[in-house]
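Before any comments, here is the structure.
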Amino acid sequence: MFRSRLLLLALLLSPFASISPALAHGSHGGGGEAVEAGEFDFTPIITIEGHGGFEPNLEGDPKHYAIDGMFGGVFEWGLGNGGSFTIEAAVGPALVWGEAEHFYGKVHVDDHDDDHKKGHKKGHKKDHEDHDDHDDHDDHGGHDDHDDHDEHDDHGGHDDHDDHGGHGGHGHDHGHDTDFKRTDIKGFLQARYAPNDRLSFELSWNPYYVTKDQGEDIQGLKNELGGNVTWALGDGDVNFGLGDGIEDLVDGVYLSLDHRQGWESDGMYVGNYTDPRVGLGFKFGRDEISLMIEAGPRFYVPGSYAGLDQRTDFAGELELSVPVGDATLFVHWKPTYSWENAPGWGEGWQHHVGTGVTFAF
C-alpha cells in the first residue's frame with residue numbers, strides 16, 4: 001500500500017517541474033524573458049535545498065530541518081500582450097531531522113489541554129447564564145476582548161497557565177528531538193495565468209507524504225492549497241548594475257495577496273491564513289544578483305481542533321539569488337511574529353530559513 005501511494009504521487013507530479021524559491025517569485029511582473037505569443041517552452045529543472053524551521057515563541061524552542069531534492073520542469077505557453085500560462089511542479093525526497101515541516105500556526109493539543117479547555121468552557125458557560133442581565137458581561141459570549149481566556153485568539157501560552165505541561169505548543173518535549181528521522185516525499189503543483197507582464201493569478205497544491213508514524217508525525221498525506229494574485233506597479237526591470245538609481249526602485253514595487261489552507265496527514269484541518277503584502281524586487285551588479293523583500297500582516301484562522309480564535313500576525317520574506325552559469329544559488333528567510341498568547345502558542349518570532357541551488361537545463 002505504501003509503495004502504491006508513493007508511485008501514484010510520483011506519476012501525478014513527475015511530468016511537471018520543480019521551482020526553487022528564487023524562480024517561483026521571479027521578477028513579479030516584468031524584467032524576465034517572456035515566451036512569444038503562440039509559442040511553447042519547456043525547461044527541465046532540478047533544485048536541491050537545505051532548510052530549517054525555528055519556533056522560539058513556543059515552549060522548548062523547537063527546531064526542525066530538512067534537505068529536499070526536487071525534480072521536474074516548467075511548461076509555459078506564450079499569450080498576447082506579454083502574457084503567459086504556466087504549469088509548474090516538483091516531486092522529490094525530503095530528508096527529515098526532527099519533525100516534518102508543517103502548516104503555519106499548528107499547535108500540539110493533548111488530553112490535558114482538551115480536558116482543561118472543556119472545563120474552562122463549561123465554567124464560562126455557567127457564568128454567562130448567571131450574568132446574562134449584567135452589562136459588564138455582554139462580551140463574554142465570543143471572548144473577543146478577554147486575552148486571558150483559554151479559547152483565545154492565537155496560540156500563545158497565557159501567563160496564568162505556565163505550569164501546564166501541554167501549553168506553549170510543544171509541551172512534554174514535543175519537537176525537541178532533532179535527530180535524523182526518515183525520508184519523506186514532497187511535491188509542488190502550480191498553475192499561473194498572467195494576462196500581461198504586470199498581473200498574475202496562481203493556484204497551487206503542496207502535497208507532503210509522511211512515510212511512517214514517528215513522534216508527532218502520522219503516516220499519510222499532508223495537504224496545502226493556495227491562491228495568489230500579484231500586481232506589479234512598475235515594469236519590474238530595476239538593475240543598479242545597468243545604471244538605475246534609487247529613484248527607479250518604484251519600478252520594482254509590487255502588491256500581492258496570498259491565501260493558504262492546510263491539513264495534517266490524519267485529515268485534521270490546521271487552519272488558513274491570508275497575507276496582503278507590499279514587495280520590492282531589484283537586481284544589482286554585473287552578475288544580475290537579485291534581491292526580493294516583502295512584508296505585511298497575516299490574518300490567521302486556526303482550525304477548530306486548537307480551540308483558539310483568529311488573530312493577526314506579521315509575516316515577511318527576504319530572498320537573494322545569484323546566477324552562476326546554468327545554475328542559480330539562492331538563500332531566503334521567512335520571519336513571522338505573533339503578539340498573542342494562548343495555550344499551545346506564544347508571543348514572539350518564528351523563522352524559516354533555507355539555501356540551495358537550482359539547475360535549469
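The values are calculated or read from the model by the stated rules, or taken from the named source; none is laboratory data. This is a predicted model, so every value here is computed, not measured. Cβ atoms come from the backbone with ideal geometry, glycine included; neighbour counts cover every protein chain shown. The accessibility values were calculated without ligands, DNA or RNA, using every heavy atom of the protein model including side chains. Shrake-Rupley method; radii C 1.70, N 1.55, O 1.52, S 1.80 Å.
Ranking request for peptides 81-94, 222-235: highest mean number of other beta-carbon atoms within 10 Å first, then the rest in descending order.
The packing order, highest mean first, is 81-94, 222-235.
Under a 1.4 angstrom probe, counting protein chains only, how are R260, R286, R298 ranked by accessible area, largest first?
R286, R260, R298
If a paramagnetic tag sat 7 Å from the Cα of W231 along the Cα-Cβ line, which residues of segment 182-202 would have the backbone N under 16 Å from that point?
Of the residues in segment 182-202, 194-202 have backbone N under 16 Å from the label point off W231.
Which sequence of K334, K181 reflects their accessible areas, 1.4 Å probe, from the largest down?
Result of the area sort, largest leading: K334, K181.
Can you classify segment 178-302 as rounded, prolate or oblate using the Cα gyration tensor, where a ≥ b ≥ c are the square roots of its eigenvalues, rounded means a/c under 1.5, and otherwise it's prolate if a/b beats b/c and oblate if not?
In terms of gyration-tensor shape, prolate.
Dividing the convex hull volume of the Cα atoms of segment 304-361 by its residue count, what figure in Å³ per residue is obtained?
111 Å³
Express in nm, to one decimal, how much length is gained between F201 and F314 on full extension, taking 0.36 nm for each residue of separation and deducting their alpha carbon distance.
Extending this stretch completely gives an extra 38.4 nm.
Taking the Cα centre of segment 243-361 as origin, sum charge times position over the Cβ atoms of Lys and Arg (+1) and Asp and Glu (-1), and report the length of that vector in debye to the nearest 20.
200 debye
Just order 336-349, 55-68, 205-218, 35-48 by mean Cβ neighbour count inside 10 Å, highest at the front, would you?
Answer by packing, highest mean first, reads 336-349, 55-68, 205-218, 35-48.
Quick check: pseudo-label points 7 Å beyond the Cα along Cα→Cβ at E247 and Y305, how many nm apart are they?
5.5 nm
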